[in-house]
Amino acid sequence: LEIKIGWKKYTVVELDIDDSLIVGGDACYGKIDYVSSIIYLNSANTPSQSKSTLLHEVIHGVEDMYGVELSEEQVTTVANGLYAFMLDNKDLVRDLICE
Ligand SMILES: [Zn+2]
């Protein structure tokens, strides 16, 4: 899967838990590598965990692309709020993305 954030293309890769998904002793749901333009999703995620994690990593990608800096907690809150909004307004979201 390839996604675009601004002008930058990211490859989305599922990854079994290994050192690259361990941060501070905890396994992460995902992570973003700005240098190699790869978003990693933990293959142990449930489908809905993967979707919300992808959105979380996309917000990090937006931070990087547009030069804003949010705390990890702010990214999590915005991603969760946006994900809930999208689930609660599927018709609107469909309208927004259909040309
Ligand atoms: Zn994060």
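Taking amide H as placed 1.01 Å from N in the peptide plane, E14 has its amide H under 5 Å from the amide H of L41, each at least 5 places away in sequence or on another chain. Once backbone amide H atoms are built at 1.01 Å from N, L70 has no partners under 5 Å, excluding neighbours fewer than 5 places away on the same chain. Take every pair of alpha-carbon atoms less than 8 Å apart whose residues are at least six positions apart; their mean separation over the length of the chain yields a relative contact order of 21 percent.
Within 12 Å, Cβ to Cβ, of Y34, how many net charges do the neighbouring residues add up to if Lys/Arg are +1 and Asp/Glu are -1? Kindly include the intermediate steps, with their values, before the conclusion.
Working: positive: K8, K31; negative: D33, E57, E63, D64.
So the environment of Y34 carries a net charge of -2.
Scalar couplings 3J(HN,Hα) for the range 82-99, obtained by applying the Karplus form with A = 6.51, B = -1.76, C = 1.60 to θ = phi - 60°, are 5, 5, 5, 4, 5, 5, 7, 9, 4, 5, 4, 4, 4, 4, 5, 9, 8, 8 Hz; x denotes Gly and Pro.
Expressed to the nearest 5 percent, the antiparallel share of DSSP beta bridges inside the chain is 65 percent. Taking every protein chain into account, the accessible area of the chain amounts to 67 square angstrom per residue (probe 1.4 Å). Considering only the Cα atoms of the range 13-63, their convex hull presents on average a projected area of 3.5 nm².
If contacts are Cα pairs under 8 angstrom and at least 6 residues apart, what is the relative contact order of the range 1-52 in percent?
Details: 69 pairs, mean separation 17.4, N = 52.
For the range 1-52, the relative contact order is 34 percent.
What ratio of Cα Rg to 2.2 N^0.38 Å holds for the range 48-99?
Cα-based Rg divided by the globular estimate yields 1.21.
Stokes-Einstein diffusion for the chain at 25 °C, viscosity 0.890 mPa s, with a Kirkwood radius from C-alpha pairs, works out to 171 µm²/s.
Here the Karplus relation 6.51 cos²θ - 1.76 cosθ + 1.60, evaluated at θ = phi - 60°, turns the backbone of the range 35-44 into coupling constants of 6, 8, 6, 10, 9, 9, 10, 5, 5, 7 Hz, with x for every Gly and Pro. Fully extending the segment from E72 to V35, taken as 0.36 nm per residue of separation minus the present Cα-Cα distance, adds 11.4 nm.
Only protein heavy atoms count here; on that basis, with a 1.4 Å probe, K8 has an accessible area of about 30 Å².
The values are calculated or read from the model by the stated rules, or taken from the named source; none is laboratory data. As the structure is a prediction and not an experimental result, all values here were calculated from the model. Quick reminder, even Gly has a Cβ in these numbers, built from the backbone with ideal geometry, and neighbours come from all protein chains shown. Side chains are part of the model used for accessible areas, which takes the heavy atoms of the whole protein and leaves out ligands, DNA and RNA. Shrake-Rupley method; radii C 1.70, N 1.55, O 1.52, S 1.80 Å.
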